[in-house]
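Asker: Have a look at this one before I ask anything.
Rule-based calculations on the coordinates, nothing more; no lab input. On a predicted model such as this, the values are computed, not experimentally measured, just so you know. Every residue, glycine among them, receives a Cβ derived from its backbone with ideal geometry; neighbour counts consider all protein chains shown.
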Amino acid sequence: MKTINLNTGEGVTITIFPDGQPHVNVQAVQDGEEVKVVCSITDTSKLLQLLEISNALDNLFAIKKVLVIPYLMAARYDRLMQHGDSVDLKVVADLINLCGFSKVYLYDVHSDVSLLLIKNAIGITNEALVKAYNMPDAVLICPDAGASKKVGKYFGWNSNIKEIVYCSKNRDLATGKISLEILEPQECAGRNCVIIDDICDGGGTFLAIAEKIKPAHLTLIVTHGIFSKGFDTLHKYFQQIIVSNSLYKTYDSPIVKTLKHFE
């Protein structure tokens, strides 16, 4: 099976014209050949490149077998949140569906709604990241209700995790302000602690947790590391960050351990 990777440029030439328009040219794919495409949809340009790849493969009469999406833009906007909103995930999912791939792999996608909206979607878990954690007798901190749906699996994947502490989090949709309460913060005192979630954007939720506990060692495991506000504040509280390379970024931090995403 031929692989085209829009993140690395494998098997494709990408041109960006002066007005911002992307253009792709697929290389060395033959009529009737099966193709796998890898594309982290991090912005609208990457989404348009994926649509153009689909068109180019149709022009070559190739078989669009597998699409791997390590990071899915708009997965967090999976419902109507305020009056007059667009449901961004539905828009992106509809465009992906136009490509017509036989299988679409989504890596630790934020919302299960993505698996419902994207045709032939298959979810890949964050198991490898969880298994990479090696601090003994650890307390797992569950940051919110969304993350709580996955925590049962973590104990089976990593025997270092012994206990769990839950958080109650609310976000003001109009202002973005977070209010967070740790239900049993005393259980974290002097212990190895680990927070596991799918996305770190600015890190506000994780910093709010870190400020309320006094662990011996604190690790953050996130599948998708945006880190839009850098690492300076995170360095004050966290001794280790484990993240995948789903966004194909290089992280300038001595505490970050990057693992390869599923392909």
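Asker: Residues that are without any contact (Cβ under 8 Å) to a residue 60 or more places away in the chain and buried (at least 19 other Cβ atoms within 10 Å of the Cβ): find the helices (runs of 4 or more DSSP H) completely inside segment 111-160 holding 1 or more of those.
Answerer: Where helices (runs of 4 or more DSSP H) fall fully within segment 111-160 and carry at least 1 residues being without any contact (Cβ under 8 Å) to a residue 60 or more places away in the chain and buried (at least 19 other Cβ atoms within 10 Å of the Cβ), they are 113-117, 145-148, 151-157.
Asker: Report, by residue number, each residue of segment 205-249 that is among the small types (Gly, Ala, Ser) and closer than 25 Å to residue 260 by Cβ.
Answerer: 225, 228, 230, 244, 246
Asker: Looking at 46, 90, which one is within 17 Å of the chain's Cα centre (by Cα) and within 28 Å of residue 200 (Cα to Cα)?
Answerer: One residue alone meets the criteria, 46.
Asker: Before we move on, is residue 96 of a type in the set (A, V, I, L, M), closer than 21 Å to residue 194 by Cα, touching a residue at least 40 places away in the same chain (Cβ under 8 Å) and surrounded by 22 or more Cβ atoms within 10 Å (Cβ to Cβ)?
Answerer: For residue 96, the condition - of a type in the set (A, V, I, L, M), closer than 21 Å to residue 194 by Cα, touching a residue at least 40 places away in the same chain (Cβ under 8 Å) and surrounded by 22 or more Cβ atoms within 10 Å (Cβ to Cβ) - is not met.
Asker: Mind checking which residues of segment 1-46 are in a loop (DSSP other than H, G, I, E, B) and surrounded by 18 or more Cβ atoms within 10 Å (Cβ to Cβ)?
Answerer: 6, 7, 11, 29, 39, 40, 42
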